Amino acid sequence: MFQQQKDWETRENAFAAFTMGPLTDFWRQRDEAEFTGVDDIPVRFVRFRAQHHDRVVVICPGRIESYVKYAELAYDLFHLGFDVLIIDHRGQGRSGRLLADPHLGHVNRFNDYVDDLAAFWQQEVQPGPWRKRYILAHSMGGAISTLFLQRHPGVCDAIALTAPMFGIVIRMPSFLARQILNWAEAHPRFRDGYAIGTGRWRALPFAINVLTHSRQRYRRNLRFYADDPTIRVGGPTYHWVRESILAGEQVLAGAGDDATPTLLLQAEEERVVDNRMHDRFCELPHRRGPSCRRRTAVGN
């Protein structure tokens, strides 16, 4: 653990050497596979395992993300004694797409994500030899994982959520947003098209990105998309936005259905998901106390 702490402290200053050396060697040890999700969509995943590990972390990425982005996190967790499994949600990463334009972020039902995770858990996680099973979920993956645990209580020993998507920052009055989404829902050409202000994937300069303060990691992520254009995903469809808003409401409505110990991390400078929904989730009567700990990352 002490050596791992030293690695974290010095990594930023020698990030290129770390990624080209130890991280590349680690990534070569991966085992990639797939299973068939809802409506016969192929869902890809990657795993890192060691015989002496008796704990596993299942990582659920956020919207547009692929498991290739999580190599560094997998490296750290693996060297702390955890096996690691990472899923690529349907419609993104190396999993199957749902529309002709592969850049469209789309899902038919948000519950399809949840059902995919349930199938993945049943096939790959539950039968495993581990003494403890954990989930680490980011953004959209946080909503997916929380809904999964509400429907399957007791299967996971604890969950860590980073900026979970329990609500989305939409820069217009909520009543107007709902009117637009409901109108688009009745017009398929718009329903399955890019939501207003979004479009196909394109590389943005670091200075205007709203996701990270790490210039090194941002550049690395852009290289992933340059090396493998098939993992690129652009803006969401109107239908995806509508489904995701409803999913956030389901998370809050069902918060009493699961008592899994939860660590919720939110960013002080968050501009994508709605931090107020995090506060509401943790302040619900059945979530107060040690079962839900909330922490804010200052300056992030």
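Of the helices (runs of 4 or more DSSP H) contained entirely in region 1-40, those carrying at least 2 residues that are modelled with pLDDT under 95 and loosely packed, with under 10 Cβ neighbours inside 10 Å fall at 2-11. Just checking, how many residues over region 258-278 are surrounded by 14 or more Cβ atoms within 10 Å (Cβ to Cβ), farther than 24 Å from Tyr194 by Cβ and among the charged types (D, E, K, R)? Residues meeting the conditions: 1.
Restrict the check to region 73-87 and report whether at least one residue is modelled with pLDDT of 95 or more, acidic (Asp, Glu), over 17 Å from the mean Cα position of the chain (by Cα) and assigned to a strand (DSSP E or B). Looking for residues that are modelled with pLDDT of 95 or more, acidic (Asp, Glu), over 17 Å from the mean Cα position of the chain (by Cα) and assigned to a strand (DSSP E or B), one finds at least one in region 73-87, hence yes. What number of residues within region 47-76 are free of Cβ contacts under 8 Å to residues at least 40 places away in the same chain and either within 22 Å of Arg94 (Cα to Cα) or among the β-branched types (Val, Ile, Thr) (or both)? Counting residues in region 47-76 that are free of Cβ contacts under 8 Å to residues at least 40 places away in the same chain and either within 22 Å of Arg94 (Cα to Cα) or among the β-branched types (Val, Ile, Thr) (or both) gives 4.
If you check Glu243, Glu283 for being free of Cβ contacts under 8 Å to residues at least 40 places away in the same chain and not small (Gly, Ala, Ser), only one passes: Glu283.
Here's a check for you: in region 92-120, which residue that is of a type in the set (Asp, Glu) and closer than 18 Å to Asp192 by Cβ is surrounded by the most Cβ atoms within 10 Å (Cβ to Cβ)? The selected residue is Asp112. Scanning region 134-157 for residues that are at negative phi and surrounded by fewer than 20 Cβ atoms within 10 Å (Cβ to Cβ) yields a total of 7. Residues in region 175-202 that are under 19 Å from Glu65 (Cβ atoms) and surrounded by 11 or more Cβ atoms within 10 Å (Cβ to Cβ): Tyr194, Ala195, Thr198, Gly199, Arg200, Trp201.
Residues in region 71-89 that are in contact with a strand residue (DSSP E or B) (Cβ under 6 Å, 6 or more places away or on another chain) and buried (at least 19 other Cβ atoms within 10 Å of the Cβ): Ala74, Leu77, Phe82, Asp83, Val84, Leu85, Ile86, Ile87, Asp88.
Considered as a group, the residues in region 158-174 that are surrounded by fewer than 15 Cβ atoms within 10 Å (Cβ to Cβ) and either within 14 Å of Ala267 (Cα to Cα) or hydroxyl-bearing (Ser, Thr, Tyr) (or both) include one that is modelled with the highest pLDDT, and that residue is Val169. Just one of the numbered conditions (1) at pLDDT below 90; (2) in contact with a helix residue (DSSP H, G or I) (Cβ under 7 Å, 6 or more places away or on another chain) is not true of Val298: (2). Only one of these conditions is not met by Arg220: (1) farther than 21 Å from Ala143 by Cβ; (2) touching a helix residue (DSSP H, G or I) at 6+ places or on another chain (Cβ under 6 Å). Which number is it? If we test Arg220 against (1) farther than 21 Å from Ala143 by Cβ; (2) touching a helix residue (DSSP H, G or I) at 6+ places or on another chain (Cβ under 6 Å), just (2) comes out false. The set of residues in region 259-275 that are closer than 20 Å to Ser244 by Cα and part of a loop (DSSP other than H, G, I, E, B) comprises Glu270, Arg271, Val272, Asp274.
Checked against the criteria, Gly167 counts as within 18 Å of Met277 (Cβ to Cβ) and touching an Asp or Glu at 6+ places or on another chain (Cβ under 6 Å).
Within region 115-146, restricting attention to residues that are part of a helix (DSSP H, G or I) and of a type in the set (A, V, I, L, M), the residue that is nearest to Asp76 (Cα to Cα) is Val125. Taking region 219-242 as the range and being surrounded by 21 or more Cβ atoms within 10 Å (Cβ to Cβ), of a type in the set (A, V, I, L, M, F, W, C) and in a helix (DSSP H, G or I) as the test, the residues that pass are Ile231, Trp240, Val241. Scanning region 198-220 for residues that are under 22 Å from Asn13 (Cβ atoms) and among the charged types (D, E, K, R) yields Arg215, Arg217, Arg219, Arg220.
The values are calculated or read from the model by the stated rules, or taken from the named source; none is laboratory data. All values derive from a computational prediction rather than experimental measurement. Note: ideal-geometry Cβ built from the backbone for every residue, glycine included; neighbour counts use all protein chains shown.
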